[in-house]
Amino acid sequence: MDTPDPIPLSALQHWRYCPRQCALIHLEQAFEENIHTLRGQAVHAQVDQPGVEVRAGLRVERALPVFSDRLGLIGKADVVEFLADGTPYPVEYKHGARNKKAEIAACDDLQLAGQALCLEEMTGRPVPEGALFYASSKRRRVVPITPELRAEVEATAAAIRNMLAAGRTPPPVNNERCPGCSLRELCQPGALAARDTQADFARHLFDLDA
């Protein structure tokens, strides 16, 4: 039996933000830049170079490859701080300020939790929390890796794998998330939603005639 390809950790964040966005990127291999993605790349350029240093009793590893065979996840942690007892503490770098909208923060939390589960499997040590570092405010937000967040990682990974296996891109949603999406022009949520509305109206007319 063939082992399915691992899912990138970034797909967890993409799916949480919008399943259609996730499918466009990871199924259809489509991607466009916008100001948000370019800012994100600029922030990650600071930590994308692999390296190890020791400071204040911590071993700090940058751009650390991580994986989970159990969940079929693979990716790279921006920074992992290893405490004196060997416990890993993932720190994910994000552009913007710490006070992000709750919906965006939840996407960031899910990706960080995915890293935590990978590190637990790799090291055999529990990872009770991690942090998100926001470049604009230069502050961290601590994220407890709760049972609910762990369950969401597993459910999201399974949903993404089912989508990839089915080879079907979810329909557009055309809601408040769309204006900030780099794939808006490729997705055309407004046009596609209007088409679907017209199709529903036509079906409704035929139903009435029947």
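The values are calculated or read from the model by the stated rules, or taken from the named source; none is laboratory data. Computed from a prediction, not measured in an experiment: that's the story for all the values here. Reconstructed Cβ throughout: ideal geometry from the backbone, glycine too, with neighbour counts over all protein chains shown.
Can you pull out the residues in the stretch 105-130 that are under 23 Å from Pro19 (Cβ atoms), surrounded by fewer than 20 Cβ atoms within 10 Å (Cβ to Cβ) and in contact with a strand residue (DSSP E or B) (Cβ under 9 Å, 6 or more places away or on another chain)? The one that is under 23 Å from Pro19 (Cβ atoms), surrounded by fewer than 20 Cβ atoms within 10 Å (Cβ to Cβ) and in contact with a strand residue (DSSP E or B) (Cβ under 9 Å, 6 or more places away or on another chain): Ala105. Of all the residues in the stretch 141-152, those that are acidic (Asp, Glu) and under 15 Å from the mean Cα position of the chain (by Cα) number 1.
Looking across the stretch 71-117, the residues that are charged (D, E, K, R) and under 17 Å from Ser136 (Cβ atoms) come down to Asp78, Glu92, Lys94, Arg98, Lys100, Lys101, Asp108. Taking the criterion of being surrounded by 11 or more Cβ atoms within 10 Å (Cβ to Cβ) and charged (D, E, K, R), the residues of the stretch 131-174 that qualify are Arg139, Arg140, Arg141, Arg150, Glu152, Glu154, Arg161, Arg168. Annotation note: Cβ proximity below 8 Å between a residue of the stretch 1-30 that is assigned by TED's automatic domain parsing to the domain that holds Arg150 and more than 19 Å from Cys118 (Cβ to Cβ) and a residue that is modelled with pLDDT under 90 and of a type in the set (D, E, K, R) (sequence gap 6+ or interchain) occurs for Tyr17/Glu103; Tyr17/Arg177; Cys18/Arg177. The strands (runs of 3 or more DSSP E) falling completely within the stretch 1-111 that include 2 or more residues that are at pLDDT 95 or above and farther than 25 Å from Leu186 by Cα map to 58-68, 73-82, 88-94.
Just to verify a result, which residue in the stretch 158-181, among those that are of a type in the set (Gly, Ala, Ser) and in a helix (DSSP H, G or I), is farthest from His26 (Cα to Cα)?
Gly180
Would you be able to say whether some residue in the stretch 131-140 is under 16 Å from the mean Cα position of the chain (by Cα) and either part of a helix (DSSP H, G or I) or β-branched (Val, Ile, Thr) (or both)? No, the stretch 131-140 contains no residue that is under 16 Å from the mean Cα position of the chain (by Cα) and either part of a helix (DSSP H, G or I) or β-branched (Val, Ile, Thr) (or both).
Here's the yes/no breakdown for (1) under 15 Å from Trp15 (Cα atoms); (2) in the same structural domain as Leu24 (by TED's automatic domain parsing):
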residue	(1), (2)
Ala102	no, yes
Asp109	yes, yes
Gly130	no, yes
Ser137	no, yes
Val143	no, yes
Ala155	yes, yes
Ala158	yes, yes
Leu164	yes, yes
Pro189	no, no
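Considering every residue within the stretch 89-98, establish whether at least one is among the acidic types (Asp, Glu) and under 13 Å from the mean Cα position of the chain (by Cα). Checked the stretch 89-98: at least one residue is among the acidic types (Asp, Glu) and under 13 Å from the mean Cα position of the chain (by Cα).
In the stretch 66-80, what residues are free of Cβ contacts under 8 Å to residues at least 60 places away in the same chain and under 21 Å from Tyr134 (Cα atoms)?
Once the filter is applied, which keeps residues that are free of Cβ contacts under 8 Å to residues at least 60 places away in the same chain and under 21 Å from Tyr134 (Cα atoms), the stretch 66-80 yields Ala77, Asp78, Val79, Val80.
In the set (1) crowded, with 16+ Cβ neighbours inside 10 Å; (2) assigned by TED's automatic domain parsing to the domain that holds Asp69, the condition left unmet by Arg177 is number (2).
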